[in-house]
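The values are calculated or read from the model by the stated rules, or taken from the named source; none is laboratory data. Keep in mind it's a predicted model, so treat the numbers as computed, not measured. Glycine also receives a Cβ, built like all others from the backbone with ideal geometry; neighbour counts cover every protein chain displayed. All accessible areas refer to the heavy atoms of the entire protein, side chains included, with ligands and DNA or RNA removed. Shrake-Rupley method; radii C 1.70, N 1.55, O 1.52, S 1.80 Å.
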Amino acid sequence: MAAAIAAARVWRQSRILRQAAVLLLRQPGARGLAISHPYRQQEQQFSSLDDKPQFPGASAEFIDKLEFIQPNVISGIPIYRVMDRQGQIVNPSEDPHLPKEKVLKFYKSMTLLNTMDRILYESQRQGRISFYMTNYGEEGTHVGSAAALDNTDLVFGQYREAGVLMYRDYPLELFMAQCYGNINDLGKGRQMPVHYGCKERHFVTISSTLATQIPQAVGAAYAAKRANANRVVICYFGEGAASEGDAHAGFNFAATLECPIIFFCRNNGYAISTPTSEQYRGDGIAARGPGYGILSIRVDGNDVFAVYNATKEARRRAVAENQPFLIEAMTYRIGHHSTSDDSSAYRSVDEVNYWDKQDHPISRLRHYLLSRGWWDEEQEKAWRKQSRKKVMEAFEQAERKPKPNPNLLFSDVYQEMPSRLRKQQESLARHLQTYGEHYPLEHFDK
């Protein structure tokens, strides 16, 4: 009862104080007391939809109508092309006007890669190597982009960019050595086939783990920016890898840190067996760029000149302006995903034949060369014969070479080998000394 009486007294006292405050505000000369109500002034200042939003997280206008943004606000991002399927330049102002020697290098790099693919694919089927991935149908994306770069620009590939190394004059002998894992392999036989790498040609060694190269490439680009290296980093990946979390993290870091990097997406229609219709609902990969604040373009990946023009301009601006660019090259994977895949289980033969016969990047460039008088059928036959001979010579040489010494399993990781690794090395040595007759040690370097 006493507590209730005390509470009533407190309530009456607070009510009297509130009434007194109101009276003070109403009296003349009490205008200055209104300063104690800043929120009331702010409400009066922003009372109309005509005022600009001040939220720090976006740049926009107020609207007074409830409306959700549609996934496809336009009919589709257009595809930039320079020449049509018959090798004719569509718009003369977009012709890169490349000299004959350079265009012939495009063609020879693309066809040599195609020949190497066929021979190594068959060698895997014969059990000579353990694994292989062809580049059929995507040669234009490799060569067109590689030709637009400086030779010192750093390349982060996925696993289907052998044409970039081919254009940078990576020897056939080293392609073969890597796939065979012999003593000439720069990776000393410790990687799966097609996981190339070459420090001299600024090509970072391939990693099987999908999309990990994307944030790594951004880090390298940020380092190049801080060093004022006048250098760009290009990062290749497929549309399937773009669904990985690493891709989103990489895009955002590149934009916010303003890195000189080119994200080059090869949209070839399939992530192994998953078609694009089951991978995403938006308008491809280029449509994602603006959401991160990245300048983006979609190109015809079977048009080597369109790829070249887009990459060249992206490189120029990336270095000059320190900002990222996203190129989505629309193409088609004609071959199986790898020798572990049978694509006939999820796509028709007619679909594959259409792209192989009707819209192949090599055929398109051949039409261009023929129309210019820079190539003819006799040259084609001679080059096909010569390129096959070169590949077969490198192939036979690689097959005869021994495998690296087993002790190399333990090197090139630590500057000083830790005790646990030394114990493993000693254990292997004892095992081979006891049971060596059961292993083909004669095929390994001593």
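For residue 387, the stated conditions do not hold, so it cannot be described as small (Gly, Ala, Ser), part of a helix (DSSP H, G or I) and under 24 Å from residue 306 (Cα atoms). What about residue 90, is it β-branched (Val, Ile, Thr) and either loosely packed, with under 10 Cβ neighbours inside 10 Å or under 30 Å from residue 175 (Cβ atoms) (or both)? In short, no.
No other residue among 118, 160 is more than 24 Å from residue 99 (Cβ to Cβ) and open to solvent by 20 Å² or more (accessible area, probe 1.4 Å) apart from 118.
Against the test of being without any contact (Cβ under 8 Å) to a residue 60 or more places away in the chain and crowded, with 20+ Cβ neighbours inside 10 Å, the options 234, 285, 294, 262 yield a single qualifying residue, 285.
For every residue, the table says whether it meets (1) assigned to a helix (DSSP H, G or I); (2) free of Cβ contacts under 8 Å to residues at least 40 places away in the same chain; (3) of a type in the set (Ser, Thr, Tyr).
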| site | (1), (2), (3) |
| --- | --- |
| 58 | no, yes, no |
| 64 | no, yes, no |
| 70 | no, yes, no |
| 86 | no, no, no |
| 107 | yes, no, yes |
| 114 | yes, no, no |
| 119 | yes, no, no |
| 155 | no, no, no |
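Please verify whether segment 109-122 includes one or more residues that are under 17 Å from residue 196 (Cα atoms), within 21 Å of the chain's Cα centre (by Cα) and of a type in the set (A, V, I, L, M, F, W, C). So far as segment 109-122 goes, yes, one or more of its residues are under 17 Å from residue 196 (Cα atoms), within 21 Å of the chain's Cα centre (by Cα) and of a type in the set (A, V, I, L, M, F, W, C). Taking the listed residues 319, 304, the one that is hydrophobic (A, V, I, L, M, F, W, C) and more than 24 Å from residue 219 (Cβ to Cβ) is 304, with no other qualifying.
Each row is one residue, and each column tells you yes or no for (1) surrounded by 14 or more Cβ atoms within 10 Å (Cβ to Cβ); (2) outside the structural domain of residue 206 (by the TED database); (3) under 30 Å from residue 369 (Cβ atoms).
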position: 54; (1), (2), (3): no, yes, no
position: 64; (1), (2), (3): no, yes, no
position: 96; (1), (2), (3): yes, no, yes
position: 100; (1), (2), (3): no, no, yes
position: 107; (1), (2), (3): yes, no, yes
position: 111; (1), (2), (3): yes, no, yes
position: 114; (1), (2), (3): yes, no, yes
position: 127; (1), (2), (3): no, no, no
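Checked against (1) in contact with a Gly (Cβ under 6 Å, 6 or more places away or on another chain); (2) at pLDDT 85 or above; (3) farther than 30 Å from residue 176 by Cα; (4) of a type outside the set (Ser, Thr, Tyr), residue 113 passes all but a single condition, namely (3).
Conditions (1) within 20 Å of residue 163 (Cβ to Cβ); (2) at pLDDT below 95, marked per residue:
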| position | (1), (2) |
| --- | --- |
| 257 | no, no |
| 264 | yes, no |
| 269 | yes, no |
| 273 | no, no |
| 276 | no, no |
| 281 | no, yes |
| 289 | no, no |
| 292 | no, no |
| 301 | yes, no |
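Within segment 201-230, residues that are in contact (Cβ under 8 Å) with a residue 24 or more places away in the chain and farther than 24 Å from residue 166 by Cβ reach partners that are among the aromatic types (Phe, Trp, Tyr) and open to solvent by 60 Å² or more (accessible area, probe 1.4 Å) with beta carbons closer than 6 Å, at six or more positions or on different chains, in the pairs 218/253. Screening residue 412 on (1) open to solvent by 70 Å² or more (accessible area, probe 1.4 Å); (2) modelled with pLDDT under 95; (3) on the phi < 0 side of the Ramachandran plot shows it passes everything except condition (3). Just one of the numbered conditions (1) hydrophobic (A, V, I, L, M, F, W, C); (2) open to solvent by 10 Å² or more (accessible area, probe 1.4 Å); (3) closer than 22 Å to residue 208 by Cβ is not true of residue 194: (2).
In segment 322-359, of all residues being part of a helix (DSSP H, G or I) and without any contact (Cβ under 8 Å) to a residue 40 or more places away in the chain, the one that is most open to solvent (accessible area, probe 1.4 Å) corresponds to 357.
Among the residues of this structure, residue 281 counts as one that is at negative phi, basic (Lys, Arg) and in a loop (DSSP other than H, G, I, E, B).
Taking the listed residues 127, 189, 163, 137, the one that is free of Cβ contacts under 8 Å to residues at least 60 places away in the same chain, small (Gly, Ala, Ser) and in a loop (DSSP other than H, G, I, E, B) is 127, with no other qualifying. A search for C-beta distances below 9 Å between a residue of segment 360-381 that is assigned by the TED database to the domain that holds residue 115 and any residue that is open to solvent by 60 Å² or more (accessible area, probe 1.4 Å) and acidic (Asp, Glu), counting only pairs 6+ apart in sequence or on different chains, returns 369/376; 370/376; 370/377.
Scanning segment 377-409 for residues that are of a type in the set (S, T, N, Q) and open to solvent by less than 60 Å² (accessible area, probe 1.4 Å) turns up 387, 405.
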